[in-house]
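Contents: one structure, followed by commentary.
The values are calculated or read from the model by the stated rules, or taken from the named source; none is laboratory data. Only a predicted model underlies this, so the values are computations on that prediction, with no experimental measurement involved. When we count neighbours, we look across all protein chains shown, and the Cβ atoms used for this are built from the backbone with ideal geometry, even at glycine. These accessible areas exclude ligands, DNA and RNA; they are computed on the full protein's heavy atoms, side chains included. Shrake-Rupley method; radii C 1.70, N 1.55, O 1.52, S 1.80 Å.
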Amino acid sequence: MSATAEQQVALSSADDIALADKLRAGHQQIISELRKLIIGQDDVIEQVLVSLFAGGNCLIIGVPGLAKTLLVHTIARVLDLNYSRIQFTPDLMPSDITGTDIIQDDPASGQRRMVFTPGPVFANIVLADEINRTPPKTQSAMLEAMQEHRVTVQGKTYELREPFFVFATQNPIELEGTYPLPEAQLDRFMFQITIEYLTEDQEIEVVRSTTSLQNPKFSHAVTGDDIVEFQRIVRRVPVSEPVI
C-alpha cells in the first residue's frame, strides 16, 4: 500500500472513530431529552433508538394510554424533524396517504394543469396509528415508502426526504373491525416492540407530571442530518464471520 493510500485509510478511520463517539454522545443526549417527558419504558426507548440509528421502521404494540403516540411525537421534537400522524380507518384511501394529482388553474397561461399535492407520508417521521384498522389495499400504499423511501403516483416517482421512518401502532385487545397485516407489510418493520404497563411508582410519577403545567423545552444536539450520518457509520461497523 502506498503512503498516500495509508494516509487516506488513517483519515477515514479517524473520521469513523469521531463519528462513532458523536453517535454515543448523541444517544445519551436523546435519552436525556426524552426523559423530560417520557417516564419509564427504558427497553422500548432503547429499541426505538436502535431502529433509528440502523434506518429501520418499528411496529409498536400496546393497549391505549401507554404513551405510544407521545413517544414518537417526542422523538420528532427532540430531533427537530417533520412529524406526521395518520389515523388509519376502514375508509382510508391510498391517496389519503401518498397524496394525489389535482387540477389547478395556471394564472400565467390561463390553462388548467395537474399538480401533485403531497400526502402525510411526506414527512421525516410518520406515525401510522392503528395501522391494522385499514384494509390491505390501503396498507399497501406504505410498502414502497417504507422500503425504497419514495412514492409513485400516476406513474411518477417522488423521493421522500431523509431521514425517513415509519412508526406504526396496534392495539392488541381491540380486534373487531381490524385487518391482519400482510406478511409483506410486516417484513418492512425492523422491530415489533411491545409496550407494557409501568410500575406503580412510575404510574404515580405519570399522574404527578400530567396534572401539572408541563411545557418542556428540548435542545436539538442531534439533528436529522446527524441521524443520516449515524446510519452510515452503523453500516460500516465490521461484523465477524461467526456472527454473519
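A few notes on this one:
- Residue selected from the stretch 186-220 under the condition at pLDDT 85 or above and either in contact with a Ser or Thr (Cβ under 7 Å, 6 or more places away or on another chain) or among the polar types (S, T, N, Q) (or both), by the criterion surrounded by the fewest Cβ atoms within 10 Å (Cβ to Cβ): THR199
- Screening ARG232 against (1) surrounded by fewer than 10 Cβ atoms within 10 Å (Cβ to Cβ); (2) within 22 Å of the chain's Cα centre (by Cα) leaves a single unmet condition, (1).
- Looking only at residues of the stretch 122-154 that are out of contact with any helix residue (DSSP H, G or I) (no Cβ under 7 Å at 6 or more places or on another chain) and β-branched (Val, Ile, Thr), we find that the one that is farthest from LEU92 (Cα to Cα) is VAL126.
- In this entry, SER240 passes the filter for residues that are loosely packed, with under 10 Cβ neighbours inside 10 Å, within 30 Å of ASP21 (Cα to Cα) and either of a type in the set (Gly, Ala, Ser) or modelled with pLDDT of 90 or more (or both).
- Only one of the numbered conditions (1) surrounded by fewer than 18 Cβ atoms within 10 Å (Cβ to Cβ); (2) touching a strand residue (DSSP E or B) at 6+ places or on another chain (Cβ under 9 Å); (3) under 30 Å from ARG208 (Cβ atoms); (4) not acidic (Asp, Glu) is violated by LEU71, and that is (1).
- For the stretch 127-185, a tally of residues being open to solvent by less than 30 Å² (accessible area, probe 1.4 Å), within 17 Å of ILE86 (Cα to Cα) and over 15 Å from the mean Cα position of the chain (by Cα) returns 9.
- Qualifying residue in the stretch 33-47 (condition: out of contact with any helix residue (DSSP H, G or I) (no Cβ under 9 Å at 6 or more places or on another chain) and farther than 30 Å from ILE204 by Cβ): no
- Residue identified as more than 22 Å from GLU183 (Cβ to Cβ), of a type in the set (D, E, K, R), surrounded by fewer than 22 Cβ atoms within 10 Å (Cβ to Cβ) and out of contact with any His (no Cβ under 6 Å at 6 or more places or on another chain) among ASP106, ASP80: ASP106
- For the condition touching a Leu at 6+ places or on another chain (Cβ under 7 Å) and without any contact (Cβ under 8 Å) to a residue 24 or more places away in the chain, ARG188 does not qualify.
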